[in-house]
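Only one structure is covered here, and it is reproduced in the block below.
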Amino acid sequence: MYVYLDESGDLGFGQRSTKYFTIAFVVMKNPVIFKRCVRKVKEKYSIPSNAELKGSVTNKNIKQDLLRRLAALDIEVHAITVEKKNVETKLQKNTNILYNYMVGLSLVERILEEPKDATVIINVDRRITSVTSGFNLDHYLMYKIWYEKERRDINLAIHQLDSHQALSIQGIDVVCNSIFRKYSSKNYELFNIIQDKIRSDRHLFFSK
């Protein structure tokens with residue numbers, strides 16, 4: 001199983017911070033086809049190979065094209081979004097714990113569904129919050145799955161990729177941002193394209 005993970009928004013709690021923060025990941029068996037979709041879109045719109053597709057800035061028509069292609073693949077998308085204004089003070093001061101909690105509720109739960117002796121290869125953007133803040137995602141996942149959940153039969157590998165070189169990371173960036181926009185700006189246009197592939201879309205600390 002191959003996993004590509006990214007995030008949208010930020011985990012700051014200042015006045016200029018985003019109101020929501022989303023972690024999303026895509027699960028697939030064949031990453032080659034996923035990468036090919038991203039490559040074809042970049043070629044179609046004459047986007048240089050060293051230029052990134054970014055959910056936050058890429059032209060909407062290009063994102064729509066990519067999402068339609070990805071929606072035709074055998075993939076599953078998972079996401080978890082936190083409404084930050086409702087996060088308790090202790091977690092606001094310890095955002096690594098909040099990040100852990102979100103990963104535990106989403107990615108860890110999905111990995112545990114895998115059969116005995118499964119191999120899970122997780123790829124993340126080198127610039128994501130968990131990496132830049134010094135949080136060791138590798139150790140956290142290994143501890144949760146191998147020891148806390150006692151699934152030492154699962155073979156885990158975690159890779160940090162540079163998004164400007166990794167087509168797959170650019171793809172999940174667009175997917176993640178389309179989910180984030182659903183909450184941050186109530187814009188469902190991109191989300192609706194990929195909706196049928198979304199297996200879980202969890203809410204954390206949302207207002208009732």
Inset, instruction - Could you please give the count of residues in region 107-122 that are in contact (Cβ under 8 Å) with a residue 12 or more places away in the chain and either within 18 Å of the chain's Cα centre (by Cα) or not in a loop (DSSP other than H, G, I, E, B) (or both)? - result: 9
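Using the structure shown, decide if Ser207 is surrounded by fewer than 15 Cβ atoms within 10 Å (Cβ to Cβ) and either under 14 Å from the mean Cα position of the chain (by Cα) or within 21 Å of Tyr101 (Cα to Cα) (or both). Steps first, answer last, please.
On the way: surrounded by fewer than 15 Cβ atoms within 10 Å (Cβ to Cβ): yes; either under 14 Å from the mean Cα position of the chain (by Cα) or within 21 Å of Tyr101 (Cα to Cα) (or both): yes.
Here the answer is yes, as Ser207 does meet what is asked.
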Legend entry - Filter result (surrounded by 19 or more Cβ atoms within 10 Å (Cβ to Cβ), part of a helix (DSSP H, G or I) and in contact with a strand residue (DSSP E or B) (Cβ under 7 Å, 6 or more places away or on another chain)) within region 136-170: Leu137, Leu141, Ile145, Ser168, Ile169
Inset, instruction - Please find, among Arg69, Arg39, the residue that is within 27 Å of Glu113 (Cα to Cα), surrounded by 13 or more Cβ atoms within 10 Å (Cβ to Cβ) and not hydroxyl-bearing (Ser, Thr, Tyr). - result: Arg69
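Take the residues of region 171-204 that are closer than 16 Å to Glu83 by Cβ and aromatic (Phe, Trp, Tyr): which is surrounded by the most Cβ atoms within 10 Å (Cβ to Cβ)? Explain how you work it out, then say what you get.
The first filter runs over region 171-204 and keeps only residues closer than 16 Å to Glu83 by Cβ, leaving 179-186, 201-204.
From what's left, aromatic (Phe, Trp, Tyr): 180, 183.
On the way: Phe180: 27, Tyr183: 23.
For region 171-204, the residue satisfying everything is Phe180.
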Legend entry - Leading residue by the ranking (farthest from Leu137 (Cα to Cα)) among those in region 1-18 that are in contact with a helix residue (DSSP H, G or I) (Cβ under 6 Å, 6 or more places away or on another chain) and surrounded by fewer than 21 Cβ atoms within 10 Å (Cβ to Cβ): Phe13
Legend entry - Residue list for region 49-100, restricted to those being farther than 24 Å from Val32 by Cα, hydrophobic (A, V, I, L, M, F, W, C), at pLDDT 95 or above and not in a loop (DSSP other than H, G, I, E, B): Ile80, Val82
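The values are calculated or read from the model by the stated rules, or taken from the named source; none is laboratory data. These numbers come from a predicted model, not from an experiment. Glycine gets a Cβ as well: all are built from the backbone with ideal geometry, and neighbour counts include every protein chain shown.
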